[in-house]
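Shown next, in structure tokens, is the structure this report addresses.
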Amino acid sequence: MKDDLKMFGAEALYLSASVIVAGLASLLQTVGRTFEGRYSGFFMSGDEYSYSILFYLLGMVIFVSFMVMGYRYFLRKRISNLYRTGMSAKIFFAVISAVFAILMIVAIVICLYLRVGMTDNMRPLWMENTTIFGWPIFSLIFMIFVELIESNA
């Protein structure tokens, strides 16, 4: 039981750091944005900006490399006993990953709204959606993949 708590604590620490890195990397992606124009509507109006491809890719590389290197050099040795645990511990491992994926969405949205504002938009929209929803989904799938690897070790 004590080993399980250490393992879940290491996972929570790793995922907490990944939430922070995701928020900071999403802020980095908005550096160098260019003004595209204004939009106005019946209810809201604001400005539209476009991403700088260089900083967008730099933020993405930082996030993905942190996830992979953090697992490789921090989490791997701390969850090496996962294959010995029962199914309930593995389900709890996945639930912790899902909770932190939701927290990652919240952190990224808050960081983007702090930088861009509530009424301003970043274009193209698929890049913004990739950051907001793709990174947490990647994090969740990555952690489930890690669980499968460690369970079969």
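Per-structure values
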{"item": "Nearest 10 degrees, 0 to 90: helix 53-70 Cα axis against the chain principal axis", "result": "10"}
{"item": "Fully extended contour minus Cα-Cα distance, from Val106 to Ser151, at 0.36 nm per residue", "result": "13.2 nm"}
{"item": "Furthest towards positive pole of dipole, Tyr49, Phe35, Ser18, structure part segment 2-151, Cβ charges", "result": "Ser18"}
{"item": "Assigned charges on the beta-carbon of Lys, Arg, Asp, Glu; segment 2-151 dipole about Cα centre (debye)", "result": "500"}
{"item": "Contact order relative to length of segment 2-151, as percent, for alpha carbon pairs under 8 angstrom and 6 or more apart", "result": "33"}
{"item": "Among (1) 28; (2) 39; (3) 50, the entry derived from the coordinates for percent of Cα pairs over 29 Å apart", "result": "(1)"}
{"item": "Furthest towards positive pole of dipole, Phe100, Val61, Ser151, structure part the chain, Cβ charges", "result": "Ser151"}
{"item": "Aspartates and glutamates whose Cα lies under 16 Å from that of Lys6, excluding same-chain neighbours fewer than 8 positions away", "result": "Glu147, Glu150"}
{"item": "Helical contribution to [θ] at 222 nm, DSSP H n ≥ 4, -39,500 (n - 2.57), averaged over the chain, rounded to 500", "result": "-22000 deg cm²/dmol"}
{"item": "Nonlocal amide H pairs with Tyr49, under 5 Å, H built at 1.01 Å", "result": "Glu36, Asn121, Met122, Arg123"}
{"item": "Net dipole in debye of segment 1-75 [+1 Lys, Arg Cβ; -1 Asp, Glu Cβ; about Cα centre; nearest 20]", "result": "160"}
{"item": "Between segment 92-141 and segment 1-68, the alpha-carbon center distance in angstrom", "result": "7"}
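We did not get these values from a lab; they are worked out from the coordinates using the rules stated. Quick caveat, the model's predicted, so the values are computed rather than measured. Neighbour counts run over all protein chains shown; Cβ positions are idealised from the backbone, glycine included.
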